Amino acid sequence: MSEDRPTLDTVAKAAGVSRMTVSNAYNRPDQLSEKTRAHVLAVAEHLGYPGPDPAGRSLRRGRADSVGVLLSEDLSAAFSDPGLVAFLEGIADELSTARQAMLLIPAEVDVDGALVRDAIVDAFITCSVDEAHPSLAAVLSRRLPVVAAGIPRLEGVPGVGIDNTRGGTIVGEHLLGLGHRRFGVVMRSAGRSDASPRTAPRVGLRQRYEGFSRAVEEAGLPASAISVVEVPDSTIAAGRAAVEQLLVLPPRRRPTAVFAVTDALALGVLDAAHAVGLRVPRDLSVVGFDDIAEAARSRPALTTVSQALREQGAQSAILALRQVEGHRVRSVRIDAELVVRDSTGPAA
């Protein structure tokens, strides 16, 4: 056997058939008898021929049977974010049913859009990638079907997401209705002023805070009723650290309720409250946002805003696949709903 990598022509010569017969053995088996196809494949296996190049085959078919998902985070951060994992599971459910593949592209490492431009996909789903990031520009330049999930909303592109501002408002209304008048808010910092790939998701988180603060303001309370702690990321550890800053506030400003803009942060707040002897919700009410699986399993179970992340992923995949099939689609708005559990109660 030659040391050079075998090609389709190599197999055709060794099998004593035409180049088209070898191609049909892989791509159009119905055109050959079982005996002929078995002979060609046996020769190919003996020569170590792996089959036609997938990229070339996709070009010939005009379909890649794959959808690209452009993430704002790097892959390690993506798989440590329970909310994003739930979103990706929703995409995977629909793509698996449709016998499609999913290609994850992290914008954080695709600094010039090269990964997007080289991706062999039929459509893209963008997941909260900043409008100014080169990878998003590369997606739009491909002129393939696109779905924008979360923030930002892209002009002329169907989207899937919630009203983050309204989600924050219903948290404020809930806590105000329980008699709370001093609040802590734990949220991610705004990020750098340049076009960081992490900027876009923080816009949605800030909208949650804006909705919450608007509810407090409309209740006639001063701005000083809210103490904001900004943290570098949305992790349980960051939520724990934020509580330390809230507890050192003077008694007249110390919150009786905390709104954490993600469930991961809220779970950290719960941990820290337990560690210092605060009883939740008797001494401190805590609300999160996302309704990840861990929210219902926490002790006490976490009051949170459900944004149906898995459903958002599923709807994003459905819109992408329908566009690939040539259908026109409309944006899908998912309702954000307050899920009241055991972590909130009347103000002391």
Wholly within region 36-107, helices (runs of 4 or more DSSP H) carrying at least 1 residues that are outside the structural domain of residue 293 (by TED's automatic domain parsing), at pLDDT 95 or above and closer than 19 Å to residue 145 by Cα: 82-97
Residues of region 237-255 satisfying the condition of being closer than 15 Å to residue 286 by Cβ and part of a loop (DSSP other than H, G, I, E, B): 254, 255
Index of the failed condition, residue 217 passing every other in (1) crowded, with 21+ Cβ neighbours inside 10 Å; (2) modelled with pLDDT of 95 or more; (3) in a helix (DSSP H, G or I): (1)
One residue from 245, 207 being at negative phi, polar (S, T, N, Q) and within 28 Å of the chain's Cα centre (by Cα): 207
So residue 285, is it within 30 Å of residue 111 (Cβ to Cβ) and surrounded by 19 or more Cβ atoms within 10 Å (Cβ to Cβ): no
Single residue of 317, 295 found to be outside the structural domain of residue 212 (by TED's automatic domain parsing) and in contact with a Leu (Cβ under 6 Å, 6 or more places away or on another chain): 317
Inter-residue pairs, beta-carbon under 7 Å, first under 26 Å from residue 88 (Cβ atoms) and free of Cβ contacts under 8 Å to residues at least 60 places away in the same chain and in region 157-177, second small (Gly, Ala, Ser) and surrounded by 20 or more Cβ atoms within 10 Å (Cβ to Cβ), 6+ apart: 157/148; 165/211
Residue check for residue 93: among the acidic types (Asp, Glu), out of contact with any Phe, Trp or Tyr (no Cβ under 6 Å at 6 or more places or on another chain), surrounded by fewer than 24 Cβ atoms within 10 Å (Cβ to Cβ) and in contact (Cβ under 8 Å) with a residue 60 or more places away in the chain: yes
Subset of region 11-35 that is among the basic types (Lys, Arg) and closer than 16 Å to residue 51 by Cβ - its residue that is modelled with the lowest pLDDT: 28
Qualifying residue in region 226-236 (condition: at pLDDT 95 or above and either assigned to a helix (DSSP H, G or I) or charged (D, E, K, R) (or both)): no
Residue among 181, 99 that is at positive phi and not acidic (Asp, Glu): 99
Among (1) out of contact with any helix residue (DSSP H, G or I) (no Cβ under 7 Å at 6 or more places or on another chain); (2) in the same structural domain as residue 100 (by TED's automatic domain parsing); (3) modelled with pLDDT of 95 or more - the single one residue 124 does not satisfy: (1)
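The values are calculated or read from the model by the stated rules, or taken from the named source; none is laboratory data. The model shown is predicted, which means the values in this text are computed figures rather than measured ones. Virtual Cβ from ideal backbone geometry, glycine too; neighbours counted across all protein chains shown.
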